[in-house]
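Below is one structure, written out as structure tokens; the observations come after it.
Values quoted throughout were computed directly from the atomic coordinates according to the rules given, and no laboratory measurement underlies them. Computed from a predicted model, the values in this text were never measured in an experiment. With ideal geometry, Cβ positions are generated from the backbone for all residues, glycine too; neighbour counts draw on all protein chains shown.
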Amino acid sequence: MLEWMVIDGVDVPEDGPARDHAADLLVRVAAGDQAAFARLYDMLSPRVFGLIVRVLVDRSQSEEVLQEVFLEVWQSAGRFAPNKGQGRSWVLTMAHRRAVDRVRASQSSADRDRRAGLRDLDVAHDDVADQVELKVEGQKVASALSTLPIAQREAIVLAYYGGYSQSEIAVMVGAPLGTVKTRMRDGLSRLRAAMGVTP
């Protein structure tokens, strides 16, 4: 059965066998086991990188953040408590936070540059209005997702937040690939309609 975790209010899938194995490896990493760390990296880095790229978009920044995440995993594995959560979700949550921090840092830098440029041009700009608009859009997406049938929502969330390919999703949910493609197509169509976006 598919397990889910929540990152920033969005349900993101976890796969069972990797989850338990990640927890075991994290316990070994906390004890300084370098081989366990290498195995954990090999097992989780593609999924972690996929999550980071979806947040940052920029591939070179994503590679830097990936390295930062696994450095933090190595340094803080002792804080992982297997009885309080799953290993894979612990690492993915850490990756998501680091990626969001990088976005915020980049945004802050861009905002400072923009404000300086606007001051030089003596042009008024309402940054609060931009932030409110972004928050409203995020709420609209979450609301629109919640209106989809479960099968369509599951396929879309697995693809866009979990980083899974359509083939992987088909295996995870136990449905034919064609069915998964149809669910995603229909779900995206409903999302566009709910968001008022014309194709």
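Here's a check for you: in the range 154-199, which residue that is under 18 Å from residue 47 (Cβ atoms) and charged (D, E, K, R) is surrounded by the fewest Cβ atoms within 10 Å (Cβ to Cβ)?
Within the range 154-199, the subset under 18 Å from residue 47 (Cβ atoms) is 154-173.
Now narrow it down to the ones that are charged (D, E, K, R): 154, 168.
Values: 154: 24, 168: 16.
Filtering the range 154-199 for residues that are under 18 Å from residue 47 (Cβ atoms) and charged (D, E, K, R), the one surrounded by the fewest Cβ atoms within 10 Å (Cβ to Cβ) comes out as 168.
For the range 179-199, name all the residues that are without any contact (Cβ under 8 Å) to a residue 12 or more places away in the chain, closer than 17 Å to residue 149 by Cα and not basic (Lys, Arg).
The initial filter retains those residues of the range 179-199 that are without any contact (Cβ under 8 Å) to a residue 12 or more places away in the chain, namely 179, 182, 185, 189, 192-193, 196-199.
Filter again for closer than 17 Å to residue 149 by Cα, leaving 179, 182, 185, 189, 192-193.
If the condition is that a residue be without any contact (Cβ under 8 Å) to a residue 12 or more places away in the chain, closer than 17 Å to residue 149 by Cα and not basic (Lys, Arg), then 179, 182, 189, 193 are the ones that fit.
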